[in-house]
Amino acid sequence: MNHEILNERHKYFVKNIRTYFNQSSNETIFQKRNTIKRIEFEGKKYIVKSFKKPHIINKVIYGFFRKSKAKKSYLNSIKISDFTPAPIAYIEFKKFHLLENSYFISEPFDYDFTIRKALTNQNHPNKDKIYKAFAKFTNQLHKRGILHLDYSPGNILIKEHEGGYKFKIIDVNRMQFKELTLDERLENFAKLWATDKDLTIIIQEYAKINNIDEKRALATTLKASQKHKNRKNFKKKLKGKKVVD
């Protein structure tokens with residue numbers, strides 16, 4: 001458990017997070033492979049992410065050779081704290097040195113919507129303004145050498161702020177930190193699952209900010225976006241699921 005900045009009461013909360021996490025009064029925000037809940041402790045709310053219990057091979061890997069997803073989420077959030085909800089702590093529970101469960105705890109970010117809402121609603125108000133602000137935000141990440149490997153619509157939170165928009169990213173356990181090539185930067189937009197029309201607005205602004213060739217930027221991004229869609233839809237076909245354009 002990381003607890004350098006926690007007081008004694010909050011150390012107690014983190015150490016007993018499994019008990020608090022399983023209480024019926026919690027608000028479940030997301031539940032699929034991992035589960036995210038909003039939990040209140042002594043009058044303050046926290047966002048707690050419980051990572052899926054690893055299978056036996058990953059229990060060994062995370063127990064001895066790799067950082068757990070919870071630990072990576074915490075360390076990455078500390079490293080890029082300007083861009084994420086404030087991290088609080090992580091904790092791992094092990095048995096015979098093998099990872100059983102892990103949790104990442106952060107402060108809530110009072111966002112208004114995710115970028116998915118703008119992408120899926122063609123009549124969303126201020127769509128162009130949101131996209132241009134998003135292009136600027138992404139450029140700030142890239143200038144800092146931050147590559148979010150799960151840069152998908154549900155992981156980009158947006159809050160209306162002082163006539164503009166404030167962005168935060170979540171699900172940050174899979175990141176790369178390095179000097180990015182132009183292609184890496186442009187291809188980072190592929191997982192948005194945006195229409196070509198929406199991507200064009202974003203990339204035109206991104207190209208303008210970086211003084212790069214707009215046609216080349218659009219071609220690279222749209223090709224990467226379609227490749228991502230094709231790959232995902234192929235997997236859906238194999239599973240008998242509905243293909244999405």
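Derivation of every value follows stated rules applied to the coordinates shown; laboratory data play no part. Owing to the predicted nature of the structure, the values given are computational and were not obtained by experimental measurement. FYI the Cβ positions are ideal-geometry reconstructions off the backbone, even for glycines, and counts take in every protein chain you see.
Worth a mention:
- Unit charges at the beta carbon, dipole of the chain: most positive-side option, 154, 113, 51: 51
- Look at 220, 181, 195 and count the other Cβ atoms within 10 Å of each Cβ; fewest to most, that gives 181, 195, 220.
- Gaussian network model of the chain, Cα within-10 Å springs - most flexible of 48, 60, 14: 60
- Likely footprinting exposure, 214, 27, fewest C-beta neighbours within 10 Å first: 27, 214
- Angle in degrees between helix 127-143 and the longest Cα principal axis of the chain, rounded to the nearest 10: 70 degrees
- In segment 8-106, taking the dipole from charged Cβ atoms about the Cα centre, the farthest positive-side position among 24, 62, 88 is held by 62.
- Considering only 26, 123, 76, the Gaussian network model of the chain with Cα springs below 10 Å gives its largest mean-square fluctuation to 123.
- Among 77, 225, 164 the positive-end extreme of the charge dipole of the chain (Cβ point charges): 225
- Think of it as helices only: each DSSP H run of n ≥ 4 in the chain is worth -39500 (n - 2.57), and spread over all residues that comes to -12000 deg cm²/dmol at 222 nm.
- Which of 104, 41, 167 has the fewest Cβ neighbours within 10 Å, and the rest in rising order: 41, 167, 104
- Note that segment 8-18 has calculated 3J(HN,Hα) couplings of 5, 5, 6, 4, 4, 4, 5, 4, 9, 4, 4 Hz, one per residue in order, obtained from phi through the Karplus relation 6.51 cos²θ - 1.76 cosθ + 1.60 (θ = phi - 60°); glycine and proline are x.
- For segment 122-195 versus segment 23-62, the inter-centroid distance based on Cα atoms is 25 Å.
- Note on the chain: GNM, Cα springs under 10 Å; of 194, 70, 207, the largest mean-square fluctuation is that of 207.
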